[in-house]
Amino acid sequence: MERVRERATDCKPQMISMTLNGERVSIQANETDRLTDVLRHGEPSLTGTKLSCGIGRCGACSVLVNGELVNSCLLMAYQVEGAL
């Protein structure tokens, strides 16, 4: 368990570029950040994206990524790099 904690704290932030609400943005995120968390608590502070179940069942966190509806609680922020 100790090793897991060490790895989580060793994560270095990276810049992620994507199109967000029609504008090209760069957002700083750790490799362990979920897209939901970055959208809600990061620089954009988009609280319309909700986190409810956290396992992709309820759909409260749904967002469009490249035109496809996805559960942002199941996506790591780095996975949307370059998304439109």
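Structural remarks
- Every residue from the stretch 54-77 that is part of a loop (DSSP other than H, G, I, E, B) and polar (S, T, N, Q): Asn66, Ser72
- Residue pairs whose Cβ atoms lie under 8 Å apart, separated by 6 or more positions or on different chains, with the first residue in the stretch 30-44 and at pLDDT 90 or above and among the hydrophobic types (A, V, I, L, M, F, W, C) and the second crowded, with 20+ Cβ neighbours inside 10 Å and in a helix (DSSP H, G or I), are Leu35/Ala77; Leu35/Val80; Val38/Ala77.
- Residue check for Val38: within 19 Å of Cys11 (Cα to Cα) and surrounded by 15 or more Cβ atoms within 10 Å (Cβ to Cβ): yes
- Criterion violated by Cys61 - all others in (1) without any contact (Cβ under 8 Å) to a residue 40 or more places away in the chain; (2) surrounded by 14 or more Cβ atoms within 10 Å (Cβ to Cβ); (3) within 12 Å of Tyr78 (Cα to Cα) satisfied: (3)
- Answer residue from the stretch 45-58, given it is in contact with a Cys (Cβ under 9 Å, 6 or more places away or on another chain) and hydroxyl-bearing (Ser, Thr, Tyr) and is modelled with the lowest pLDDT among those: Thr49
- Residue count for the stretch 7-53, restricted to those that are of a type in the set (Lys, Arg), closer than 19 Å to Ala83 by Cβ and not in a helix (DSSP H, G or I): 2.
The values are calculated or read from the model by the stated rules, or taken from the named source; none is laboratory data. Since the structure is predicted, the reported quantities are computational estimates derived from the model, not experimental observations. Note that we place each Cβ from the backbone using ideal geometry, even for glycine, and neighbour counts take in every protein chain shown.
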